[in-house]
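Structure first, commentary second.
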Amino acid sequence: MAVTRLIDLADAAACPRVVVKIGSALLVGKDGQPRRDWLAGMAGEIAAMHARGQDVVVVSSGAIALGAARLGLDKGGRGSLPDAQAAASVGQIALAGLWSELLGAHGITAAQMLLTLEDLEDRRRYLNASSTIARLLAAGAVPVVNENDSVATEEIRFGDNDRLAARVAQAAMADAVLLLSDVDGLYDRHPSQDGAQLLPEVHGITPQVRAMATGFSSSGMGSGGMVSKLQAAEIAERAGIALAILNGTHDRPISRALDRGVGTVFLPRRRDRARKAWLGGRLRLKGTLVVDEGCVKALREGKSLLAAGITVVEGKFERGDAVAVCDASGMVVAQGLAEYSTGECQALTGRRNSEQAEILGYAPRPAVIHRDHMVLL
Ligand code: GLU
């Protein structure tokens with residue numbers, strides 16, 4: 001069984017494990033106070049999912065918005081990184097308390113997990129987070145995850161919880177991610193335009209689908225928006241995970257949207273093996289290898305990336321770092337772990353394997369990116 005339609009998201013057999021992402025604007029009112037009634041309803045929805053046998057992981061935003069009100073910071077606490085970090089640390093403790101209380105009212109134990117981008121991009125830490133989530137779920141708890149905003153600096157931040165939710169879904173080995181938003185789903189053009197149609201199902205995120213996402217604006221409270229939702233959908237798709245955008249602004253929004261069939265579900269077309277899916281979802285790439293046409297063809301046939309196919313090396317990376325592989329037009333064709341540093345790659349650019357020992361002064365590794373450490377996009 002797998003998710004093939006929106007309604008399957010409510011089916012424990014088709015969708016035994018779900019990540020529910022809740023944005024700041026749903027959790028926190030304009031006055032900076034938690035929307036308690038709505039949240040109590042959401043806790044009820046999570047309890048109902050639990051009761052029908054679904055494991056639930058919550059990705060909850062709202063820390064910055066809640067903390068900003070308490071500290072009296074302007075711009076919702078998002079005026080500067082130090083403001084956001086201070087607001088997050090004040091807001092997070094309140095947020096965790098709310099979840100613990102509201103889920104507790106249904107006899108469910110809430111567990112807090114604060115993660116940074118690095119925790120999920122480093123393979124060892126990712127596996128650690130993954131096993132903690134698995135243990136919590138096995139014990140019947142609901143992990144409530146947020147970005148650890150109070151320590152995450154600009155360059156190592158997710159910044160939006162949409163992509164965090166997709167990465168958490170991978171780590172949780174979830175079947176689906178529900179992104180609760182302030183719109184019904186993805187429309188074929190801006191929803192305010194005449195004749196705009198909601199897309200119930202999307203099979204593959206094509207350039208046309210991406211074009212539909214631009215022009216959407218977010219509430220101004222969170223940092224998401226349709227673009228980050230599509231990026232999240234791409235990460236999920238590669239990992240074989242369905243991702244749905246549902247309107248969260250109503251009471252009990254999940255059952256409402258699923259009962260009425262209103263929302264957009266992005267259906268996965270493939271399921272990369274776990275390690276490759278993790279690699280393909282990596283957000284922080286240290287450099288780019290531009291390769292020629294022959295090399296692109298070889299990669300698509302499942303070959304490793306050889307130095308002879310490289311034309312340009314960009315960025316600053318060391319052996320083991322994740323890099324993008326682009327064709328001459330700049331389109332990213334693959335992502336993988338480099339066997340060589342930037343300097344070594346530059347020295348080897350366009351050269352045959354037989355020349356490498358002489359150039360480097362030591363016995364070379366046969367590929368610049370081995371196919372086992374590479375995922376085609
Ligand atoms: N982690 C942020 C918070 O808790 C929210 C990020 C987002 O806007 O998606 O406030």
The aspartates and glutamates whose Cα lies under 15 Å from the Cα of Lys286, excluding any fewer than 8 residues away in the same chain, are Glu118, Glu121, Asp122, Glu155, Glu314, Glu318, Asp321, Glu339, Glu344
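For Arg275 and Arg260 in the same chain, what is the full-extension length gain: residue separation times 0.36 nm, less their Cα-Cα distance, in nm?
Working: separation 15, 0.36 × 15 = 5.40 nm, distance 3.65 nm.
Here the answer is 1.7 nm.
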Here the tail fraction of P(r) beyond 22 Å, over all Cα-Cα pairs of the stretch 213-337, rounds in percent to 51 percent
Given 47-57, 87-97, the highest-first ranking by average Cβ count within 10 Å works out to 87-97, 47-57
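Arranged from highest to lowest average of other beta-carbon atoms within 10 Å per residue, in what order do the peptides 199-209, 337-347 appear? Numbers along the way, then the final one.
Values: 199-209: 13.6, 337-347: 19.4.
The densest-packed peptide leads the list: 337-347, 199-209.
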One would report the antiparallel percent of DSSP beta bridges in the stretch 133-292, rounded to the nearest 5, as 30 percent
In deg cm²/dmol, rounded to the nearest 500, the helical mean residue ellipticity at 222 nm of the chain, built from -39500 (n - 2.57) for every DSSP H run of length 4 or more, is -11000 deg cm²/dmol
Restricted to the chain, the DSSP antiparallel beta bridge percent, nearest 5, is 35 percent
One would report the antiparallel percent of DSSP beta bridges in the stretch 242-367, rounded to the nearest 5, as 75 percent
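Could you list, in their original order, any pairs among Lys229/Lys303; Lys229/Lys276; Lys229/Lys316; Lys21/Lys75; Lys75/Lys316 whose Cα atoms are separated by more than 25 Å?
The answer is Lys229/Lys303; Lys229/Lys316; Lys75/Lys316.
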The FRET efficiency for Asp292 and Val227, from their Cβ-Cβ distance with R0 = 22 Å and rounded to 0.05, is 0.10
Quick shape summary for the stretch 1-89, equivalent ellipsoid via Cα gyration tensor, semi-axes whole Å in descending order, reads 33, 13, 9
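Provide, as a two-decimal number, the C-alpha radius of gyration of the chain over 2.2 N^0.38 Å, N being how many residues it has.
That works out to 1.04 for the chain.
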Ranked output for segments 181-187, 125-131, 114-120 by mean other Cβ atoms within 10 Å, highest leading, reads 181-187, 114-120, 125-131
Summing +1 per Lys or Arg and -1 per Asp or Glu among the other residues with Cβ less than 14 Å from Asn146's Cβ gives -1
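Residue separation times 0.36 nm, minus the C-alpha to C-alpha distance between Arg135 and Ala13: what's the value?
41.9 nm is the gain from fully extending Arg135 to Ala13.
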Filtering the chain for DSSP H helices with an axial alpha carbon extent of at least 24 Å and a Kyte-Doolittle mean of at least -1.0 returns 81-104
One would report the Cα pair-distance distribution of the stretch 118-201, bin width 10 Å, in %, as 15, 37, 26, 17, 5
Note: Glu101 to Leu199 extended length (0.36 nm per residue) minus current alpha-carbon separation gives 31.6 nm
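Rounded to the nearest 0.05, what FRET efficiency do Asp188 and Arg36 give with R0 = 45 Å and r taken as the Cβ-Cβ distance? Could you check? Display every interim value, and only then the final one.
Details: r = 36 Å, r/R0 = 0.81.
That pair, Asp188 with Arg36, gives E of 0.80.
None of the figures in this text is laboratory data; all of them are computed from the coordinates on show. Since the model is a prediction, treat every value here as computed from it, not as a measurement. Here the Cβ is made from the backbone with ideal geometry for all residues, glycine too, and neighbour counts use every protein chain on show.
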